[in-house]
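Nothing in this text is a laboratory measurement; each read-out follows from the coordinates by a stated rule. It should be emphasised that the depicted structure is a prediction, and the values quoted were computed from it without experimental measurement. Every residue, glycine as well, gets a Cβ built from its backbone with ideal geometry; the counts of neighbours run over all protein chains shown.
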Amino acid sequence: MKKISRRNFLKGSGLVTMSGLGGLQLGFAKPLLKGGQGNNRDLLVYVFLNGGMDGLHMIPPRSGTNYTHYLNLRPTLHIPSAMSLALNGQNAFGMHPSAPGLRDLFNNDKMAIVHATGLIDPNRSHFEATRYLELGVAGASGANDGWLTRFHQSASIPSDAIIPSLVPSYNNTDAVLAHNATLVMANPQDFSLGAGHWSWEHEVQSTLYEINSQADTVEKRAAYMALNASNIVQNIDWNNYVPGNNATYPESFIGEQLQAVAQLYKADVDLQTAYVPTGGWDTHNGQGIDNGIFADLAENLSAALYAFYQDLTATHAGQFTIVVQSEFGRRAYQNSDNSTDHGYGNPMFIIGDQVIPGFHGIFPGLATNELFEGDDLDVTVDYRDVVSEIMLKRMNNPFIGHIFLGYTDYTELGVVTGTALDPIYDYDSIFASGFE
């Protein structure tokens, strides 16, 4: 793992990142390594591409009338069919030439692509669209917690789970808003006490741990939980990690983030969800075809996801599901800087051993009369249908009306395998565990 400097880490997270722990709840009495997850749900890894990834650039049309319209909409920005990477089983769409890892996942039947997903109410504001997605609501709402918070509330995850939720980032996300069991850390190698002289660090941390172990105040309990989390993380051998299947993570932040998820998951700390935010996708300029901002982002994302899949499948085949989403797509037509502006519909990717590979959903078309407001790829799939299917089939949680507030009309797309639970739209925390 490429090491992030201690100075930059502390700038982003503060003393032992206590401010980022949010009152972390941990299973203090459990041993660190237990030799098996022992649950009936997947690890859910949710990769969020902040900034609005251009889905028509990542998954460009490759033939037919959509390709003709694509050429007209993007006369100097389109990816020629001879350059896009071929995907097995069809020729209508290809993959960006900088994303061979994603191409290989798709061609090896480990990836599903869902066309034209998004919020049911269009919103081209980064802030608002991202907030709605992270809160799990369709639009303006009084929600005071995130969708992953509500997943954990309703998932009957044991109360003594050590670290059930992770955000490998410098900043928290509203997806886990009000969830006091989420660990937020950008670099686990630096997740340690940051006060006093370095030579005293171990003794100071041990002393503070003992002082706060008999927690009789909120402050002492928060300190104890933060120090306990730090102890757990420090007991993992980060420096000598050997990824499974000879996987090689790229030397980029998304590579570091996904490797940290893999290492923590393999350490068997009861990890259930990881929310991985990665930015830079707001390509108003520098989009390019085989060079520039977008090409670099696509290359790193592709390599990191491919390495992560290879790494985890060596030891946890069939036990994890990866979802990749952005807050919206880009305009169907190029702008004056040979790039794109904020749009609407966008593909979602689902990666894992239990996906039903290929393309899903309906591509609405790129003719002028088919574009949303004459500008954007339209949305034909509510993104909540995609995530809810994973909740029902892979995550053993039927409370999709609680996870996504106001959501009442789930439609199965057939993107993953598994026996689906019946969706439940009403939620009563008293009966969430199934004792009725």
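Numbers for the structure displayed
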read-out	value
Calculated FRET value between Arg124 and Gln90, using beta carbons and R₀ = 25 Å, to 0.05	0.25
Derived scalar couplings ³J(HN,Hα) [the range 383-398; Karplus, 6.51 cos²θ - 1.76 cosθ + 1.60; whole Hz; x for Gly, Pro]	4, 5, 5, 5, 5, 5, 4, 5, 4, 6, 9, 10, 9, 6, 9, x
Spin-label zone in the range 158-180 - amide nitrogen under 16 Å from a point set 7 Å from the Cα of Asn235 along the C-beta vector	160-164
Long-range amide H partners of Leu43 with built H, under 5 Å	Phe320, Thr321
Between the range 50-114 and the range 356-400, the alpha-carbon center distance in angstrom	17
Highest to lowest packing among 110-116, 318-324, scored as the average C-beta count within 10 Å	110-116, 318-324
Relative packing of 406-416, 291-301, which averages over residues the other C-beta atoms within 10 Å, highest first	291-301, 406-416
For Gly118, residues with placed amide H under 5 Å, excluding near neighbours	Val381, Tyr383
Mean Cβ neighbour count within 10 Å, used as a protection proxy, ranking 41-50, 119-128 highest first	41-50, 119-128
Projected label distance in nm at Asp426 and Asn180, using a 7 Å step from Cα toward the beta-carbon	2.9
³J(HN,Hα) computed for each position of the range 163-177 - Karplus, 6.51 cos²θ - 1.76 cosθ + 1.60, integer Hz, glycine/proline x	9, x, 9, 9, 10, x, 7, 6, 10, 7, 9, 5, 4, 10, 4
Which of Ile163, Ile236 has the fewest Cβ neighbours within 10 Å, and the rest in rising order	Ile236, Ile163
